[in-house]
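Data block below; observations after.
Throughout, read-outs are computed from the coordinates displayed, never taken from laboratory work. On a predicted model such as this, the values are computed, not experimentally measured, just so you know. Neighbour counts are summed over all protein chains in view; Cβ atoms, including those assigned to glycine, are modelled from backbone coordinates with ideal geometry.
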Amino acid sequence: MHYLIEPGFGSSGPVRVALLIGAVVAVTSGVIGVFTVIRGQSFAGHSLSDVATTGGAGAFLAGISQFWGFLVMGAVAALLMEGIGAQRRRGRDVATGVVLGGALGLAALFLYLGTLKTATSGASFTILFGSIFVVSPDTVPAVVAAGLIALAVTALLARPLLLTALSGDIARTRGVPVKAVGIAYLMALAVDVSLSAVAIGAVLSTALLIGPAATALRLVKTPVKAMVVAAATGLAATWIGVLLAYDSSYWPPRGHGWPVSFFVVTLVLAGYLATYARRPRRSARAFKSPHEEAAECSPA
């Protein structure tokens, strides 16, 4: 996928849009990602990102913005995953796997039909791996609004989310509507995955969701600090990735920029690996279980 960018990094319209969308995605993913790791739902996040491929492919076939396809399909998948899954973790994983398999089958069909319907090239690459420089400015208000809604829902559910991560039974005895909290959280997670899919593609969107959060939880002990560190880490990786992708148009093959998603994912991975060199003493206990993470990061 090739893209043309106006000369001058700061004066380029596509670059300004990319930086703004990248900031929204990074902050939202950092906050929601911390709860995702603590609750042990990384697989759900990964599955929602793959399911987003179906939404993007369907939007491409219908001739509308891929963002709306990502968003709608993610919300539907979140409802199905929580609705047909049992309360036990095993039941949720089975439901997630069933929904994922069906959605990927539909994605293959939509992409096939889309390539027959239009001669547009590079659509599959954009859906799977993103192209933040070609996002329309008209999409920005919807992206910002979706990010704010996801953050607001997560903030309202922060304590119930941590409590249900410790024990669903304890949460019920304290009057927490566990099912409703789970559905609301998965909806917020679906929105975040949709935002990430716009930035770095459906396949790689989990990198911004899990990577910065996992890095933060290895460096700090409290949820609030972890969210700040995760958001800052994701923001740095995204903005530096945009800068490197912009500059790569001068690298071989000259005139063709490298994918932003490559740089962002590489930087996120490098940041996580760096925590092992910096904090080797905690590495043995970093992610023993979601329940230990939740207990260590509980509000109490």
Simple SL model, points at 7 angstrom along Cα→Cβ for residue 152 and residue 250; separation in nm is 4.3
Given 233-244, 20-31, the highest-first ranking by average Cβ count within 10 Å works out to 20-31, 233-244
Take the alpha carbon atoms of region 192-213, find their center, do the same for region 59-80, and report the distance between the two centers in whole angstrom.
15
What ranking do 166-177, 149-160 get when scored by the average of other Cβ atoms within 10 Å per residue, highest first?
149-160, 166-177
If R₀ is 22 angstrom, what is the calculated FRET efficiency for the pair residue 240 and residue 277, using the beta carbon separation as r and rounding to 0.05?
0.65
Contour minus end-to-end for residue 180 and residue 116, with contour as 0.36 nm per residue of separation and end-to-end as the Cα-Cα distance?
18.9 nm
